[in-house]
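Here is the structure we will look at, set down as structure tokens.
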Amino acid sequence: YEIYAPGGIWTSLTLGDKDHRKVKRFDEVAFDYKNRRANNVLLINGNFNPQSHPLRLLNIENPISYYTEDDNTSPLTQSVHPSNITTTTTNIIDWYARDVVNLDMYMTATFRSSHLNEAYYILQNWCTLLYYDPGGSNDYIVDGPSLISNMFKSLEYTPFGEHGIDSSIQSQADEAFIFSANLVALINYAPDTKNDKIIKGPMVVAEMFPFLKGTIFENGIDSACESKSTENEAYLFKDNLCAHINFGPSPRLIAIGQLCQFFPLLKGSVFEGLGVDAAYASHSENDVAYFFKYNNYGKIYVDANSGEEPILGVWVMGANAPVIHSFVPRKNRGVDMRGNRIALLNSDAYDNA
């Protein structure tokens, strides 16, 4: 079977609790517990010929290219199986090892830290903590780039640590909502301490936010941005749609509509046509938010008094944002993190089905 399931199939939800311990370390198809990555070799189906069926040329997100073992990261050896198939071997290896993994991947999520002028920039399962200089040019990297599982140890062996984070919202103090496909969790990211923890979740989006059930947002969110003028409010983005929500003590859907209904001056920009990959509200006193799409970023000034959202500009990364451009984009290469033998649960950790 050809299974393209970014983030895997959430085995944790199926296995549930075992001896009062949530089996949260598996986000893939469940096989017999004795099956492990064999000899650090990635087996590619020799019967799959992407060149003969162009519709199968899918841009797989985070295809496994590396593995971790003893805190080291190394490339996987690629082998076509069964080995007696030779006619399509070159095509398959070229498609997986060259075309797919060499795609440029841009920001998938950002959220501001509780520390002044610091924000987390996330590209799939990699994270960089950046000090940004609003209105200036003194940006610098505080931490990273590193795997999310190293930046936030509580996310190790979860969909957020392996597949990555698709979008995020700073909630309050040191807390943030993080999304991966149709899953969401509330975490305390504990800046500087590495004592981060999962407060709530992981769970499906519609369970955390019931008011999103039946909307396009329950199946996943492209990006999100905090509202600076109103506490506990945020904008969620999916394609060119936008949802204005309250995630506080009385959570609710405030409004839903086209992106430019909420941000009229984005009309005609790259964000109207292609959506928003990542966004966050600045710490600065004036109401500035940063939007990202591919290698473009925009600054929006939201005047809470007038209700207008003047767009200050849309720029291409590079000379305009050299520090960000130093780690964006990344190549599309995922990591198999099954090298930690201690983290592999034994048969007693499985529920009988």
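The values are calculated or read from the model by the stated rules, or taken from the named source; none is laboratory data. Keep in mind that this is a model prediction, so the values were computed, not measured. Note: ideal-geometry Cβ built from the backbone for every residue, glycine included; neighbour counts use all protein chains shown. When the accessible area is computed, the model is the full protein with side chains, heavy atoms only, and any ligands, DNA or RNA have been set aside. Shrake-Rupley method; radii C 1.70, N 1.55, O 1.52, S 1.80 Å.
Would you confirm whether or not segment 148-158 contains a residue that is modelled with pLDDT under 90, assigned to a loop (DSSP other than H, G, I, E, B) and not aromatic (Phe, Trp, Tyr)? Yes; the residues of segment 148-158 include at least one that is modelled with pLDDT under 90, assigned to a loop (DSSP other than H, G, I, E, B) and not aromatic (Phe, Trp, Tyr). Note on segment 126-155: residues that are more than 19 Å from ARG330 (Cα to Cα) and aliphatic (A, V, I, L, M) total 1. Candidates are the residues of segment 200-217 that are surrounded by 19 or more Cβ atoms within 10 Å (Cβ to Cβ) and part of a strand (DSSP E or B); the one that is modelled with the lowest pLDDT is GLY201.
Checking the stated criteria, LYS194 turns out not to satisfy the condition of being open to solvent by 60 Å² or more (accessible area, probe 1.4 Å) and assigned to a strand (DSSP E or B). Kindly indicate whether SER113 is modelled with pLDDT of 85 or more and either within 30 Å of ALA289 (Cα to Cα) or open to solvent by less than 20 Å² (accessible area, probe 1.4 Å) (or both). Yes; evaluated as a whole, the condition is true for this residue. Looking at segment 179-188, can you tell me whether even one residue there is under 21 Å from CYS225 (Cβ atoms) and out of contact with any helix residue (DSSP H, G or I) (no Cβ under 8 Å at 6 or more places or on another chain)? So far as segment 179-188 goes, yes, one or more of its residues are under 21 Å from CYS225 (Cβ atoms) and out of contact with any helix residue (DSSP H, G or I) (no Cβ under 8 Å at 6 or more places or on another chain).
Of the residues making up segment 311-349, those that are at pLDDT 75 or above, surrounded by 13 or more Cβ atoms within 10 Å (Cβ to Cβ) and charged (D, E, K, R) are ARG330, ARG333. A search for C-beta distances below 7 Å between a residue of segment 274-285 that is more than 17 Å from ASN117 (Cβ to Cβ) and open to solvent by less than 20 Å² (accessible area, probe 1.4 Å) and any residue that is of a type in the set (Asp, Glu) and outside any strand (DSSP E or B), counting only pairs 6+ apart in sequence or on different chains, returns GLY275/ASP222; GLY275/ASP239; VAL276/ASP222.
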